[in-house]
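**Student:** Have a look at this one before I ask anything.
The values are calculated or read from the model by the stated rules, or taken from the named source; none is laboratory data. The shown structure was predicted, so the numbers you read here are calculated from the model rather than taken from an experiment. For neighbour counting, all protein chains shown are included, and Cβ atoms are generated from backbone atoms with ideal geometry for every residue, glycine included.
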Amino acid sequence: MPAVKFICRPDFFSILHMNQDALTLYNRNGSLKHMISKIRRDASTFERYQHNRDLVALVNLFADNVRDLPRGWETKFDRSGKVFFIDHTNKTTTFMDPRAPVPPPRPGATTSATTSSSAGTRVSPSAAASASAAPDIPSAYNDKVVAFLRQPNIVNAVRVEGTAALDRLSCDVELTILLSLFEQEIMSYVPAGRSASPRCVGGVNGSVVQQAGGVNGSVAPSLSPQASPGLSRANARAPAPYRRDFEAKLRNFYRKLESKGYGQGPGKLKLHIRREHLLEDAFNKIMCASKKDLQKCKLYVQFDHEEGLDYGGPSREFFFLLSRELFNPYYGLFEYSANDTYTVQVSPMSAFVDNQHEWPVSLSDLESLDSEFHQSLLWIKERDISSEVLDLNFAVTEEVFGQAVERELKPGGRNIPVTEKNKKEYLERVVRWRLERGVSQQTESLVRGFYEVVDPRLVAVFDARELELVIAGTAEIDLADWRTHTEYRSGYHNQHPVIVWFWAAMERFSNEQRLRLLQFVTGTSSVPYEGFAALRGSTGPRKFCVEKWGKPNSLPRAHTCFNRLDLPPYPTPDILYEKLLLAVEETNTFGIE
């Protein structure tokens, strides 16, 4: 069925976002999302939903009514005057227009068809008529370029999807020829330093640190954007994308947020929060706010019995504390992902994706989720298992309410043994099961909530690794980058004894303690992807600042709205170290002087 092929297209969601009516219908209809998700996972379920009114309406919004029906199809009207379509080849009827945009045929199929036709196969009159009705092919070179670029979705797909679109169109001969004509311009556009080794400095615990501010235990070849040295988060952060490409996307993303008025006001969304009931208060107040208020209003957070004014610091503190509470396994919304790790995943028992971007799963996605399980699968992947007796089949055992339940990874999976020939499929299915097991609905709720506030078209340019960096930054601190982008006031300077002792204390701090100090001063416990140069204050970019203030018996204090640490002139490095440690470990409230 053309409708199935259309829904199962790899670029279905990209096409969906280009049709505003269809996108509106999709976003407001949860059952429609569920049906499309099920069909994309298993095309055989289409038969169950093919007569659903909303699904029919969505598919027909993409139909090209001007084009002739495919061969073997006919249009009829029922007694109520509603149009339906007859597929004489398969002897079926449907309300879905077969002229939906199905994926183009593979080049090999086109070649074989052409060959058989030239060998003397008889062509039907309808096919000959459609061929004769096709528009004339432009002969002039400029006309050819214009006609090629006017094809629907090609240029826009590359703009939106980036390298994924180029990979999908890699077999397109015309595109390859066109790009080859501009090879010199394309290659000259790439910075000369891209193929050189990245400039590195000594990092934390002897790791290799990219000058951008990231930490990674190894350096991948720099020719691939996806394989370039990345920013590691707790030794499990996915590799960062090619820096120049990503920064361009990021600038464009922020520019679009600003142009659409996100968080610009003039309205205000005021949240009065009790620290001891933070999650409860946040839930009640945010759920009462409208979608428009969440998008447009300026956020002001006021902690009860604290006098701080929110110029950015209390808001950052609020989100930090909220995320910590939200991911606390005590509440049952998330659970520990394995017995020997502190990472969390969505709990299948919570009442909370079918990922709308349809990012493909990867074995590396399991590394931070369940290291032991990841190692087991990696062993299978890298080894020839032809001579191994693994006793594996396409089924897994999972625990549901304390009971061990067998679940098939594919129909009849318990009777399909894993072999060297089919182990790739097994690994793909078992990784997806481990990532999604029992939580697809909960994950879909998280994604839907995210898209209710942020227009999905704004984040469509990012892949999974890039979006993670946009949202979370990096949790590994590069001291050299931090020191480079720190400024001093009121008599302090880079060579002042107290400042020398301060950075010596940072060297002694563990990464967790450095993050606590960063959270104490800025209100957030992560560093932007661009490094400390991209720290922001209440009015835009604002560097980390250390100012001389107070008496030697005072504790350090912080101005989180301005990323400023007030550091007294302590007489010895030991006293400075103890005072800093006490400040970051024991203080958590706001006040006004």
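**Student:** Just give me the residues in the range 369-420 being acidic (Asp, Glu), at pLDDT 80 or above and under 16 Å from Arg432 (Cβ atoms), in sequence order.
**Tutor:** Glu408
**Student:** Under 7 Å between Cβ atoms, which residue pairs at least 6 apart in sequence (or on different chains) link something in the range 566-578 that is over 13 Å from Ala504 (Cα atoms) with a partner that is among the basic types (Lys, Arg)?
**Tutor:** Asp566/Arg557; Leu567/Lys548; Pro568/Lys551; Pro569/Lys548; Tyr570/Lys579
**Student:** Considering only the range 63-78, I want to know if a residue exists there that is more than 28 Å from the chain's Cα centre (by Cα) and of a type in the set (S, T, N, Q).
**Tutor:** Yes - at least one qualifying residue is present in the range 63-78.
**Student:** Still on this structure, I have one more. Between Ser31, Ser14, Ser44, which is part of a helix (DSSP H, G or I) and farther than 19 Å from Met96 by Cα?
**Tutor:** So the residue among Ser31, Ser14, Ser44 that is part of a helix (DSSP H, G or I) and farther than 19 Å from Met96 by Cα is Ser14.
**Student:** Which of the residues that make up the range 481-511 are farther than 18 Å from Phe532 by Cβ, within 39 Å of the chain's Cα centre (by Cα) and not hydrophobic (A, V, I, L, M, F, W, C)?
**Tutor:** Arg508, Ser510 - these are the residues of the range 481-511 that are farther than 18 Å from Phe532 by Cβ, within 39 Å of the chain's Cα centre (by Cα) and not hydrophobic (A, V, I, L, M, F, W, C).
**Student:** Within the range 79-114, restricting attention to residues that are within 39 Å of the chain's Cα centre (by Cα) and β-branched (Val, Ile, Thr), which residue is modelled with the highest pLDDT?
**Tutor:** Applying the filter and picking the extreme gives Thr94.
**Student:** Quick one: which of Glu466, Glu476 is in a loop (DSSP other than H, G, I, E, B), surrounded by 15 or more Cβ atoms within 10 Å (Cβ to Cβ) and not aromatic (Phe, Trp, Tyr)?
**Tutor:** Checking each option against the conditions leaves just Glu476.
**Student:** Test Phe77 against the stated conditions and say whether it is buried (at least 16 other Cβ atoms within 10 Å of the Cβ) and over 15 Å from Ile7 (Cβ atoms).
**Tutor:** When the stated conditions are applied, Phe77 does not pass them.
**Student:** If you take just the strands (runs of 3 or more DSSP E) that sit entirely in the range 482-593, which of them hold at least 1 residues that are surrounded by fewer than 16 Cβ atoms within 10 Å (Cβ to Cβ) and modelled with pLDDT of 85 or more?
**Tutor:** Qualifying strands (runs of 3 or more DSSP E): 486-489.
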